[in-house]
Amino acid sequence: MEKLKQRWGIDSNFQIIVICIVFAITGSSSVYVAKPFLQWIGLSKAAFPDGILGGFLYWTLRILLIFPFYQVLLVVYGWLFGQFKFFWNFEKKMLSRMGLGFLFK
């Protein structure tokens, strides 16, 4: 536990619990939000052809949509739970490792 606190730069075990809760809520809600969003833009599962290719296209698009929802929701939930600074730094670090660091300059 001490290694995790040192690595993340946090002080208490309570912060670790809050951070883990935020990660859990963010993952679940980003998956939950992607389906209605696809339907809202007119790309429900019925819009894709039946068979393996249609299912593959639908799930690929849905997974690609989950990523930006996750990024936004992570910072929002971090703010709601009082850990904005941690999650904002986490976002910047993660996106810069993915080659998207130019977004923060």
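Label zone (Phe48, point 7 Å along Cα-to-C-beta; backbone nitrogen cut-off 12 Å) within region 4-36: 35. The residues of the chain present an accessible area of 70 Å² per residue when probed at 1.4 Å with all protein chains retained.
Along region 49-62 the Karplus relation, 6.51 cos²θ - 1.76 cosθ + 1.60 evaluated at θ = phi - 60°, assigns HN-Hα couplings of x, 5, x, 5, 5, x, x, 5, 5, 4, 5, 5, 5, 5 Hz to successive residues, with x for each Gly and Pro. How high is the relative contact order of the chain, given as a whole-number percent (alpha carbon pairs under 8 Å, six or more residues apart)? Contact order relative to length: 25 percent.
Of the labelled figures [x] 17.0, 52; [y] 12.8, 34; [z] 14.6, 49, only one reflects Rg and Dmax of the Cα atoms in Å as derived from the coordinates, namely [x].
Along the Cα-to-Cβ line of Asn89, 7 Å from the Cα, sits a label point; which residues in region 1-38 have backbone N less than 19 Å from it? Flagged as within label range: 1-23. Only aspartates and glutamates eight or more places from Lys85 in sequence, or on another chain, were considered; those with a Cα closer than 16 Å are Asp11. The Cα atoms of region 9-67 cover 52, 21, 13 Å along the three principal axes, with the biggest extent listed first.
When the accessible area of the chain is split by element with a 1.4 Å probe, what percent falls to carbon and sulfur? In the chain, the share of accessible area belonging to carbon and sulfur is 69 percent.
Result for the chain in a Gaussian network model with C-alpha springs under 10 Å: among Ile19, Ile66, Ile41, the largest mean-square fluctuation is at Ile41.
The values are calculated or read from the model by the stated rules, or taken from the named source; none is laboratory data. Just so you know, these numbers come straight off a predicted model, no measurement behind them. Neighbour counts run over all protein chains shown; Cβ positions are idealised from the backbone, glycine included. SASA here: full protein model, heavy atoms, side chains in, ligands and nucleic acids out. Shrake-Rupley method; radii C 1.70, N 1.55, O 1.52, S 1.80 Å.
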